[in-house]
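A short write-up of the structure that comes next.
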Amino acid sequence: MTLYAIFDPKPGRRDLPAVVPEKFSGFAALLPPLFLLRHGLWLELVAWLVSVVALMVLSGYIGDAATFALYLLTAIWLGFAAPGLRRHALQWRGWSPRGDRVAASADLAQLEALR
């Protein structure tokens with residue numbers, strides 16, 4: 001069972017409620033740029049690209065092993081931070097938080113939110 005944050009769309013839109021799982025995102029950790037693009041997190045994508053370029057520049061000074069370790073740490077951090085980034089982006093776009101639901105899947109949480 002997972003805790004899901006439920007967000008209602010802007011007033012006047014006929015979208016379904018959005019559900020954000022409150023757990024580690026493997027997709028965000030393994031493929032950070034694709035995760036950020038998929039959820040429209042443009043500023044975070046720019047920050048990610050700047051950090052990768054900075055790591056590439058620093059790799060000559062700190063070594064390849066340290067560069068890989070820092071990249072791995074930032075990818076894992078993004079996996080843990082992904083739900084918070086998504087919640088913040090939804091609120092910034094005008095979606096209003098309704099509450100939390102515990103459900104076995106995102107579809108069931110969304111179905112409970114429709115009731």
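The values are calculated or read from the model by the stated rules, or taken from the named source; none is laboratory data. This is a predicted model, so every value here is computed, not measured. Because the Cβ atoms are built from the backbone with ideal geometry, glycine has one as well, and the counts that use them run over all protein chains shown. SASA here: full protein model, heavy atoms, side chains in, ligands and nucleic acids out. Shrake-Rupley method; radii C 1.70, N 1.55, O 1.52, S 1.80 Å.
Within segment 30-75, the proportion of Cα pairs with more than 13 Å between them is 56 percent. Of the solvent-accessible surface of segment 44-91, computed with a 1.4 Å probe and all protein chains present, 77% belongs to carbon and sulfur. Once all protein chains are placed together, Tyr71 keeps about 80 Å² accessible to a 1.4 angstrom probe. The residues of the chain expose, per residue, 65 Å² of accessible area to a 1.4 Å probe. Other residues lying with their Cβ under 12 Å from the Cβ of Pro83 contribute a combined charge of +1, Lys and Arg counting +1, Asp and Glu -1.
May I ask you to derive the FRET efficiency for Arg93 and Arg38 from their Cβ-Cβ distance with R0 = 22 Å, giving the value to the nearest 0.05? Using R0 = 22 Å, I get an efficiency of 0.90.
Hydrodynamic analysis of segment 1-106 uses the Kirkwood radius over alpha carbon pairs. Inserted into Stokes-Einstein at 4 °C and 1.567 mPa s, it gives a translational diffusion coefficient of 85 µm²/s.
Label-to-label distance for Phe24 and Leu58 is 2.3 nm, based on points extended 7 Å past Cα in the beta-carbon direction. GNM on the chain, alpha-carbon springs under 10 angstrom: the most fluctuating residue among Leu90, Leu16, Leu36 is Leu16. Placing unit charges on the Cβ atoms only, positive for Lys and Arg and negative for Asp and Glu, gives segment 58-115 a dipole magnitude near 340 debye about its Cα centre. Count Lys and Arg as plus one, Asp and Glu as minus one, and take only other residues whose Cβ is under 10 Å from that of Ser96; the net charge is then +1. In the chain, helices alone account for a calculated mean residue ellipticity at 222 nm of -20000 deg cm²/dmol, with every DSSP H run of four or more residues adding -39,500 (n - 2.57).
What you get for segment 7-49, charging only the Cβ of Lys and Arg (+1) and of Asp and Glu (-1), is a dipole of about 140 debye around the Cα centre.
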